[in-house]
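Report on the following structure.
Each value in this text was obtained by applying a stated rule to the coordinates, not by laboratory testing. Everything numeric in this text was worked out from a predicted model, so none of it was measured. In this analysis, Cβ positions are derived from the backbone assuming ideal geometry, glycine residues included, and neighbour counts consider all displayed protein chains.
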Amino acid sequence: MSLATGHYQLSSAFKTLQVHWDRTCQSWRDAVRAEFTERYWKELEHRVPALLTAIDRLEQVLVRVKQDCT
């Protein structure tokens, strides 16, 4: 699997997860959901975009390395 493929799959899966999470939040309105949001969801919202950015940067480095080796 290429980094571009992994990037696409992660991005797509996270978008799907966000849709499901938004739907869940419409009906799950208690302290447990609030705790889950604080403990887990906010961390995911922060880390996944940062990971996607890192994947993009790594892809750029690998392209340059490949060009330099040919």
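Helix 3-27 and the longest principal axis of the C-alpha atoms of the chain enclose an angle of approximately 10°. Here the chain is treated with +1 on each Lys and Arg Cβ and -1 on each Asp and Glu Cβ, and its dipole about the Cα centre works out to around 80 debye.
Restriction of the trypsin sites (Lys or Arg not before Pro) in the stretch 1-58 to DSSP coil positions whose beta-carbon has at most 13 other beta-carbons within 10 angstrom yields 29.
Would you work out if the chain is rounded, prolate or oblate? Take a ≥ b ≥ c from the square roots of the eigenvalues of the alpha-carbon gyration tensor; rounded if a/c is under 1.5, else prolate when a/b is larger than b/c, oblate otherwise. Prolate, because a/c is 1.5 or more and a/b exceeds b/c. On full extension, the segment bounded by residue 34 and residue 47 gains 2.8 nm, given 0.36 nm per residue less the C-alpha separation.
Can you give the FRET efficiency to the nearest 0.05 for residue 64 and residue 5, using r as the Cβ-Cβ distance and R₀ = 25 Å? For R0 = 25 Å, the calculated efficiency reads 0.80.
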